Amino acid sequence: MKNETYIWDEVLDYVSEQITKGSFETWFKPSSLKIEEDKWYIALSNEFARDWVDMNYQSLIKDAIYETTNELPELKLIVEAQPVRSFHTGEKTDKLNNRNPSQYNESVRLDRLEKEIELIKGKLDKIMDTLERNSSQG
């Protein structure tokens, strides 16, 4: 079996292609993987990050794991109190990963804006469908 760091880097490569750079750096860069039998423990830097990733990215992580390993392991998102490995560097970093608060806030705002844009697109599609139906009837 390949080592955990290599596997996680492959999964993260897939994830990084699916989300914005800011989101990736905020939520996934300071993460690591531990594999025990058929369970994958994804270590995140704090409880907020764990909860956010769980709510917003768990299906993406599962897709990435399946695409890169052809496996569907049980996932557990955990908080790792010690420093975690930084993406692709193999170096230990501080939990805050040298990120200043303005970068963190910008990433959260970008995530929210992306979600709002998707909602607006959905509403516009419904409006366009209604207009098209009305114009074809009249």
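Values in this text are rule-based calculations from the coordinates and carry no lab data. The model shown is predicted, which means the values in this text are computed figures rather than measured ones. Glycine gets a Cβ as well: all are built from the backbone with ideal geometry, and neighbour counts include every protein chain shown.
Observations
- Treating r as the C-beta distance of Asn3 and Glu116 and R0 as 41 Å, the FRET efficiency rounds to 0.55.
- Scoring 20-33, 51-64, 123-136 by mean Cβ neighbours within 10 Å over their residues and listing the highest first yields 20-33, 51-64, 123-136.
- Extending 7 Å from the Cα toward the beta-carbon at both Asp129 and Leu75 defines two label points whose distance is 2.8 nm.
- Along its principal axes, region 1-86 has C-alpha extents of 29, 27, 22 angstrom, given from the largest down.
- FRET efficiency for Asp38 and Tyr14, using Cβ-Cβ distance with R0 set to 25 Å, rounded to 0.05: 0.80
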